[in-house]
Amino acid sequence: MRLTIFWERMAEHFGAAYADSFARDHVMTELGGRTVLQALEAGWETKDVWRAVCSAVDVPAHLR
């Protein structure tokens with residue numbers, strides 16, 4: 001998954017402003033105790049980060 005697609009899906013699910021806040025502030029066990037931004041900076045694949053977000057919150061099927 002391209003990073004631009006990842007951020008489009010984040011914005012579509014959370015809204016543009018909250019997507020950024022969620023990515024910076026929400027520590028996820030699915031990402032090994034990291035935030036979305038920390039996981040991406042650590043080299044996690046965007047598809048794996050997106051899957052973690054989908055499993056942690058109720059992302060509609062059409063965005064998965």
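Picking from 8, 41, which residue would you name as being surrounded by 12 or more Cβ atoms within 10 Å (Cβ to Cβ), of a type in the set (D, E, K, R) and without any contact (Cβ under 8 Å) to a residue 12 or more places away in the chain?
Exactly one residue qualifies, and that residue is 8.
Inside region 44-64, can you point out the residues that are open to solvent by less than 80 Å² (accessible area, probe 1.4 Å), modelled with pLDDT of 95 or more and of a type outside the set (A, V, I, L, M, F, W, C)?
Of everything in region 44-64, those that are open to solvent by less than 80 Å² (accessible area, probe 1.4 Å), modelled with pLDDT of 95 or more and of a type outside the set (A, V, I, L, M, F, W, C) turn out to be 46, 48.
State which residue is farthest from the chain's Cα centre (by Cα) when the search covers only region 28-40 and only residues that are assigned to a helix (DSSP H, G or I) and more than 17 Å from residue 5 (Cα to Cα).
Taking region 28-40 and keeping what is assigned to a helix (DSSP H, G or I), we get 29-31, 36-40.
This time we only want the ones that are more than 17 Å from residue 5 (Cα to Cα), so: 29-31, 38.
Working: 29: 13, 30: 11, 31: 10, 38: 11 Å.
Result: 29.
Do we find that residue 24 is assigned to a helix (DSSP H, G or I), charged (D, E, K, R) and exposed (fewer than 15 other Cβ atoms within 10 Å of the Cβ) in this structure?
Details: assigned to a helix (DSSP H, G or I): yes; charged (D, E, K, R): yes; exposed (fewer than 15 other Cβ atoms within 10 Å of the Cβ): yes.
Taking the combined requirement at face value, the residue satisfies it.
Open to solvent by 30 Å² or more (accessible area, probe 1.4 Å) and β-branched (Val, Ile, Thr): does that describe residue 36? Before you say what the answer is, go through the steps one by one.
Values: open to solvent by 30 Å² or more (accessible area, probe 1.4 Å): no; β-branched (Val, Ile, Thr): yes.
Answer is no for this residue.
The values are calculated or read from the model by the stated rules, or taken from the named source; none is laboratory data. Quick caveat, the model's predicted, so the values are computed rather than measured. A quick note on method: Cβ atoms are made from the backbone with ideal geometry, for glycine too, and the neighbour counts reach across all protein chains shown. For the accessible areas, the whole protein counts, side chains as well, though only heavy atoms, and no ligand, DNA or RNA atoms are used. Shrake-Rupley method; radii C 1.70, N 1.55, O 1.52, S 1.80 Å.
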